[in-house]
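The values are calculated or read from the model by the stated rules, or taken from the named source; none is laboratory data. What you see is a predicted model, and the numbers here were worked out from it, not measured in a lab. Don't worry about glycine lacking a Cβ; one is built from the backbone with ideal geometry, like all the others, and counts go over all protein chains shown.
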Amino acid sequence: MLVSRVLDPKPGELVMDVCSAPGGKTANIVQLMENQGVVVARDIHPHKINLIRNTTDRLGLKIVKTELYDATITDLSYIEKADRVLVDAPCTGLGIIRRKPDIKWSRTEKDSEVLSELQLKILTASSKYVKENGVLVYSTCTIDPLENIEVVNKFLGLDNNFTLEGFDYLLPDSLINETAKIKETAGKGYIQLYPNTDGLDGFFIAKLRRNR
């Protein structure tokens with residue numbers, strides 16, 4: 001829900017969630033939009049598209065448009081059309097080990113390297129959908145800097161149309177007041193959460209604004 005809050009969608013907007021399954025963040029986005037506008041929810045796997053549809057149908061969400069699509073490829077039909085784009089990228093999941101302990105044995109150091117390349121591809125392709133002055137949010141459920149701030153910095157090095165934008169004002173007071181570091185980095189445009197210090201899943205969120 002913090003990811004959706006940082007995206008800060010408004011009623012009537014066109015929002016794209018390019019790695020949407022199973023649909024929890026999509027549902028929260030629609031709620032924040034008061035079920036007004038369009039949310040394009042995509043995934044590369046057909047069975048995951050069904051998960052998204054099951055979620056949206058169960059909750060009576062009428063503005064979600066589910067689409068089967070590879071997020072690493074830019075869809076020319078959506079170039080500069082979206083007000084906001086969410087890239088909740090595939091990752092190693094190291095931030096949710098407490099809920100999925102099998103991750104300890106199923107991941108290797110090489111996974112972070114491979115996934116960071118995939119994440120940069122998805123972020124770069126998806127950035128093309130953002131309108132001038134639009135918002136791009138990148139998030140993962142991992143604590144590995146290689147998949148998080150390093151991906152964002154590489155992206156910023158490739159595309160000068162985007163800059164990090166502070167979002168401390170969008171976070172709950174309880175979280176902001178927890179540690180000075182969260183408030184400081186949120187003011188710069190990103191946060192890294194840890195289960196042992198923040199009482200939440202290990203999550204990374206960065207917010208970028210397209211300048212031109």
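In segment 140-157, which residues are aliphatic (A, V, I, L, M) and farther than 14 Å from Leu94 by Cβ? Break it down into steps so the answer makes sense when it comes.
Restricting attention to segment 140-157, the residues satisfying the condition of being aliphatic (A, V, I, L, M) are 143, 146, 149, 151-152, 156.
Those that are aliphatic (A, V, I, L, M) and farther than 14 Å from Leu94 by Cβ: Ile149, Val151, Val152, Leu156.
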Exercise. Assess whether Gly60 counts as being under 21 Å from Met1 (Cβ atoms) and modelled with pLDDT under 95.
Key: yes
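Mind checking whether some residue in segment 159-172 is closer than 18 Å to Cys19 by Cβ and modelled with pLDDT of 95 or more? If you could, list the steps in order and put the result at the bottom.
Taking segment 159-172 and keeping what is closer than 18 Å to Cys19 by Cβ, we get none.
No; the residues of segment 159-172 include none that is closer than 18 Å to Cys19 by Cβ and modelled with pLDDT of 95 or more.
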Quiz item: Mind checking which pairs have a first residue in segment 44-64 that is more than 22 Å from Ser126 (Cα to Cα) and a second that is assigned to a helix (DSSP H, G or I), Cβ under 6 Å, 6 or more apart or different chains?
Solution: Thr55/Ala27; Leu59/Ala27; Leu61/Val30
Self-check item: Matching option when the condition is modelled with pLDDT of 85 or more, out of contact with any Gly (no Cβ under 7 Å at 6 or more places or on another chain) and either more than 16 Å from Ile149 (Cβ to Cβ) or part of a helix (DSSP H, G or I) (or both), among Lys104, Lys110
Solution: Lys110
Exercise. Identify the single condition in (1) within 18 Å of Ala27 (Cβ to Cβ); (2) surrounded by 19 or more Cβ atoms within 10 Å (Cβ to Cβ) that Ala82 does not satisfy, given that it satisfies every other one.
Key: (1)
Self-check item: helices (runs of 4 or more DSSP H) enclosed by segment 133-212 - at least 2 residues per element that are in contact (Cβ under 8 Å) with a residue 24 or more places away in the chain and among the charged types (D, E, K, R)
Solution: 149-158
Quiz item: Can you find even one residue in segment 121-131 that is touching an Asp or Glu at 6+ places or on another chain (Cβ under 9 Å), in a helix (DSSP H, G or I), closer than 21 Å to Pro195 by Cβ and small (Gly, Ala, Ser)?
Solution: no
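Mind listing whichever residues of segment 29-45 are out of contact with any Leu (no Cβ under 9 Å at 6 or more places or on another chain) and over 14 Å from Asp83 (Cβ atoms)?
Glu34, Ala41
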Quiz item: Would segment 98-109 turn up any residue that is closer than 21 Å to Lys25 by Cα and among the polar types (S, T, N, Q)?
Solution: no
